[in-house]
Each structure stands twice: as C-alpha cells, then as structure tokens.
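A quick write-up on the structure given underneath.
The values are calculated or read from the model by the stated rules, or taken from the named source; none is laboratory data. This one's a predicted model, so the numbers in the text were calculated from it and none came from an experiment. Heavy atoms of the whole protein, side chains included, go into the accessibility calculation; ligands, DNA and RNA do not. Shrake-Rupley method; radii C 1.70, N 1.55, O 1.52, S 1.80 Å.
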Amino acid sequence: MASSVRRPEQTGPPELFYNEAEARKYTQNSRMMEIQTQMSERAVELLCLPEDQPCLLLDVGCGSGLSGDHISEEGHHWIGIDISSAMLDVALDREVEGDLIRGDMGQGIPFRPGTFDGCISVSALQWLCNADKKTHSPPQRLYRFFSTLYSSLARGARAVLQLYPENSEQLELVTAQAMRAGFTGGMVVDYPNSTKAKKFFLCLFAGVGGVLPKGLGEGAANQRASNQVSFTNQRSRFKNIRGKSAKKSKDWILEKKERRRRQGKEVRPDTKFSGRNRRPHF
C-alpha cells in the first residue's frame, strides 16, 4: 500500500506551506531545532573555510535563521534569502545577526559576481524540483539558481546544499543542472546505511576543483567514491556529445570488465588490454 504521507514540497508552494503556524514550530519544537542545527553545522564543516578568517556566507532558504545562528557562532557574516515572509518575520523577532532578503531562489541569486566566500542551504533545494505554477519548469529554475549562485561565489569557493531527494531521477536532475552551470563536485552522503540518519549534501566547487569530502558513517567512504565517479562520468558524457565518444576505448573496456568481476561474472582474459605479452613501442 502506498504511503498517504505527502512530502512538504508536494503540498504546494513553499511560501504557502511555511505559514505563520509552520514558522512558529522552528522556535517551539526543540527536536526540529536540533536537527536543523546539526545539519547547519555539518554544511559549514563541509565548506572547509579557512581558520581564524571571517567569511561572508550566503544562506539559501534561511528560514527563521537557525543556520545563521551557527554561522555567527563560528565568527562569520551571512546574508539569508527565503521566499517565506512568515519565516523571515520569525528571524527578525529572534534578532538574528545576518541580513535578510525575501526572494525566490528559482528566479536566481540577486548579488554581484564574487560576493560570497561560500554558501550553505538546508532542506530547501528539493523545492525547485516541483512545478507549483504552469510557468514553472524545474530544469530551468534549477539552472537559473545554479548559474547565478556560481556567479555570486568567489572563485574557489564552495556551496554545500543539504537536500531530501525524492528519488534517483531527482538527484540526476539536480546534479545535471549544477554541472551545466559550471560547478564541479558531487554528493556527500552521511550514514548511507541508516534509514533515519542518512543525509545528502551536494558539495559544489566554483571555478577550482577540489577533493570531495568523506561522508560520515559506516560505508560512507565507498559511497563517496561511487558518487564522485558518477559525477565525473556525467561531466565526461556532456563533453563527449560534440567530441569523439570514449566508448570502446581501453579505459571503457577495463571498467566494463571490472564491473562484471564485481557482479561475480566470469571475465575472459584479453591480451589486447590486459598488459600481458605486450612489448613497448618506441
């Protein structure tokens, strides 16, 4: 039987879902505040910011400012953007230290190029995967968000976006648009073997590539490697659209054989690519 519980982003636009009643939960529900704070701490950690150097960060979907509280505690400055006026009102009542802007991230990030040293987002990105209006196109809105975010970041800066993907197709949609906008990086998955603790963090690099951080929990290292390879392969696929296909190349054949070995299938030796009985050519 299919579950009758609907995901928040399936119930309607975020500015309607996060009304006054929902916004109050973020200052009255201790469990909700704890989870939000934990994910904010992890997102800032994955930014790998320089020590003892105040940075200016962007908080996308800042809500009531819980993520911003942690940013301030770490000695950084921040600007938050959110589409819900009710959530921003709560942030104002709490007298958060960051600056607040009401805006739809699907329409782009309205800042000058190179403004921010980093960006975090907690539980907001998945909202762009749904069309709340006839004029909404999820791929276009995601690309608009990522392309303007890329521009607003200083070269070499990172963006860490925590999200709750509905399925693998949604993950593919998000990462494809991020790469199209110029980002490199990949998905960091914490506690991949846990149903409740599993968390997805899209870790993006602007302008300069970097080493994808390791996820937390048992098996996270293997998950990290798998995600990083997937991200790289996707970029190669886009690059090969106009160029010569890498199919049937040496690397392609060796990777195919390795996949078959991992699946427990018998792989026939092939002297053409195995390295056996080969003489160097000068």
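What list of ³J(HN,Hα) values in whole Hz, one per residue of region 35-43 in order, does the Karplus curve 6.51 cos²θ - 1.76 cosθ + 1.60 (θ = phi - 60°) give from phi, with Gly and Pro shown as x?
The phi angles translate into 5, 4, 5, 4, 5, 5, 4, 5, 5 Hz.
Using modelled backbone amide H atoms (1.01 Å from N, in-plane), which distant-in-sequence or interchain residues come within less than 5 Å of Trp78's amide H?
Leu57, Asp99
What residues qualify as long-range amide H neighbours of Gly207, i.e. H under 5 Å apart, gap of 5 or more or another chain, H built at 1.01 Å from N?
Gly156, Thr184
Asp190: accessible area at probe 1.4 Å, nearest 10 Å²?
Its heavy atoms expose roughly 10 Å² to the probe.
Tell me, what HN-Hα J-couplings in whole Hz come from the Karplus equation 6.51 cos²θ - 1.76 cosθ + 1.60 at θ = phi - 60° for each residue of region 87-92, using x for Gly and Pro?
Once rounded to whole Hz, the list reads 5, 5, 5, 5, 4, 5.
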